[in-house]
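Derivation of every value follows stated rules applied to the coordinates shown; laboratory data play no part. In this text, all values refer to a predicted model and were calculated from it rather than measured experimentally.
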Amino acid sequence: MPVVAAVAEWDNLMRRLNAAAPEAFTSDQRALNLMEGEWKDPGFGRHYTSSVDGRSLGRIPMIDLETALRAVRLAKSEAERVVQSKSRPTQAARHGLFGGPPQRA
């Protein structure tokens, strides 16, 4: 049987993940999805097992197609806002505080 390093054993990883981001798990240690800026438990869970030893590892949170499409639209919108905000001159640049002429937004 293959051997997994102690630091990579599932139980150790789950303890570390829970310590780092407890808000990402339910009280019974199921993983949540980060959706619309909040940790949620939408959809359903799909069982998964270790490919190393076949041991049950839990449930992966799954979402339906409509929820996934909404998440993609929201992520696209958020990315576009970030790009737009980075392409605008800063307030200091608009007022010519960096040695050049004032810039327009």
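Only Cα pairs under 8 Å and at least 6 apart count here; give the relative contact order of the range 3-62 as a rounded whole percent. Kindly include the intermediate steps, with their values, before the conclusion.
Details: 60 pairs, mean separation 13.6, N = 60.
About 23 percent, as a whole number.
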HN-Hα J in Hz across the range 47-56 - Karplus 6.51, -1.76, 1.60, θ = phi - 60°, x for Gly and Pro: 5, 9, 10, 6, 6, 7, 10, x, 6, 5
